[in-house]
Amino acid sequence: AAKERGRNMYNFFSQEMNVKAHERMELETSLRAALERDEFFVEFQPIVTARTCKVVAAEALVRWNHPEQGRIMPDSFIPLAEETNLIVTLGDWVLRTVCRKMKQWADSGVPPLRVSVNVSGMQFRQANFVDDVAKIIGETGVDPRLLELELTETSLMEHADATVKSLFRLKELEVGIALDDFGSGYSSLTYLKNFPIDRVKIDRSFIKDVCETPDDKAIVEAIIALAMSLNLYIIAEGVETPEQVAFLQARNCDEIQGFHFYRPLSEEKLLELLKSL
Ligand code: C2E
Ligand code: MG
Ligand code: MG
Ligand code: MG
């Protein structure tokens, strides 16, 4: 009977795996088709200085305009794209698209705006990642000093030696480096010390209840204090209320990103906003 049960278990798991593998293959096919059909687009969420609430930057965020399902948000397809190699192609597309737009803006007299682009761990770990970034910068003619790459702690964690090398090579290209979702992953303070990071983005989960929950308050205060003493700029993400803004201003947080100020905007709306400032 044990043998029988074992066999059934085996069937159960292998069926389960088949379904998973099948779903992944289907997703990979549809993501690839979406890339070919140009169904992805980028929105830009403005980031303001805490002190004056002036727009100083924007984060590029990818969306999928699905022919049947309409707009699909990145949390529904990025994790899956990360399981296939397509995240590399998609990430490359996002970076190239953003750089091309930034160059167009500069050429048409739009005041310089720092724009950050999310880079997934798998993309960052590609042996030719830094070369690809250099190539995109060269081909689009974007000012690299306006470009920032957002990496998460988790994606920097593995292969620490290669990571440090890549980060220093990126710094040679003059692009900025931000540590995204700080505090949510396997934070190691060693990274802050050894890696050439310009900016730390405090994860949204700490900001959410920062005014009500003493633990979150303590964590946010500690992150800001640490970043300040290490000469890193600090951005708070997911700021939704005036109380959170006041809290962050009182603690000398540098920049704020969140629905309280702006939601992600289309390129058109972003340019309108920049012109109106
Ligand atoms: P993220 O990089 O941490 O980006 C910030 C996310 O927080 C965005 O969600 C943004 O819309 C959302 N957000 C900003 N302010 C607020 C707020 O006040 N309240 C709330 N509730 N949310 C806020 P989005 O656009 O859905 O993106 C989710 C995640 O998908 C991103 O998190 C990032 O990890 C990933 N992602 C987006 N675009 C790309 C991309 O081009 N490449 C890669 N690899 N990942 C991307
Ligand atoms: Mg980000
Ligand atoms: Mg983030
Ligand atoms: Mg995130």
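The values are calculated or read from the model by the stated rules, or taken from the named source; none is laboratory data. Worth saying up front: this structure is predicted, and the values here are computed from it rather than measured. Counting neighbours? That spans all protein chains shown, and the Cβs are built from the backbone with ideal geometry, glycine included. Note: accessible area is taken over every heavy atom of the protein model, side chains too, but ligands, DNA and RNA are not part of it. Shrake-Rupley method; radii C 1.70, N 1.55, O 1.52, S 1.80 Å.
Within straight-line reach of LYS54, meaning a Cα separation under 17 Å, sit the following aspartates and glutamates at least 8 residues removed in sequence or on another chain: GLU237, GLU240, ASP254, GLU255, GLU272. Accessible surface area normalised per residue over the chain is 54 Å², counting heavy atoms of protein chains with a 1.4 Å rolling probe. One quarter of the surface of the convex hull around the alpha-carbon atoms of region 48-127 equals 7.4 nm², the direction-averaged projected area. Summary value for the chain: 18 percent relative contact order, contacts being C-alpha pairs under 8 angstrom separated by 6+ residues. Taking GLN45, GLN244, GLN69 as the candidate residues, the one with maximal mean-square fluctuation in a Gaussian network model of the chain, Cα springs under 10 Å, is GLN69.
Under a model in which nothing but the beta-carbon of Lys, Arg (+1) and Asp, Glu (-1) is charged, the chain shows a dipole of about 260 debye around its Cα centre.
Only protein heavy atoms count here; on that basis, with a 1.4 Å probe, VAL62 has an accessible area of about 20 Å².
Which shape class applies to the chain: rounded if a/c is under 1.5, otherwise prolate when a/b exceeds b/c and oblate if not, where a ≥ b ≥ c are the square roots of the Cα gyration tensor eigenvalues? Prolate, since a/c reaches 1.5 and a/b exceeds b/c.
Annotation: SER166 carries an accessible surface of approximately 20 Å², with a 1.4 Å probe and no ligand, DNA or RNA atoms counted.
Dipole check for region 108-167: with +1 at the C-beta of Lys and Arg, -1 at the C-beta of Asp and Glu, and the Cα centre as origin, the magnitude is about 120 Debye.
Rounded, prolate or oblate for region 149-277? Axes are the square roots of the Cα gyration tensor eigenvalues, ordered a ≥ b ≥ c, and the cut-off for rounded is a/c under 1.5. Because a/c hits 1.5 or more and a/b fails to exceed b/c, region 149-277 counts as oblate.
Springs between Cα atoms under 10 Å define the GNM used for the chain, and in it the highest mean-square fluctuation of ILE136, ILE72, ILE224 occurs at ILE72. Residue pairs exceeding 18 angstrom between C-alpha atoms, taken from LYS101/LYS275; LYS101/LYS201; LYS103/LYS171: LYS101/LYS201; LYS103/LYS171.
Measuring nothing but how far apart in sequence close Cα pairs (under 8 Å, 6+ apart) lie, relative to its length, region 33-79 scores a relative contact order of 31 percent.
For LYS165, the aspartates and glutamates whose Cα comes closer than 18 Å to its Cα, not counting residues fewer than 8 places off in the same chain, are ASP131, ASP132, GLU148, GLU150, GLU153, GLU174, ASP198. Hydrophobic, long helices, defined as DSSP H runs whose alpha-carbon span along the helix axis is 20 Å or greater and whose mean Kyte-Doolittle value is at least -0.5, occur in the chain at 86-107, 214-229. Going Cα to Cα from LYS269, which aspartates and glutamates come in below 15 Å? Please leave out same-chain ones fewer than 8 positions away. Correct list for LYS269: GLU43, GLU59. With the Cα gyration tensor of region 120-161 giving a ≥ b ≥ c as the square roots of its eigenvalues, does the rule (a/c under 1.5 for rounded; else a/b larger than b/c for prolate; else oblate) give rounded, prolate or oblate? Note, shape of region 120-161 comes out prolate. Averaging Cα coordinates gives a centre for region 161-214 and one for region 120-152; these two points are 17 Å apart.
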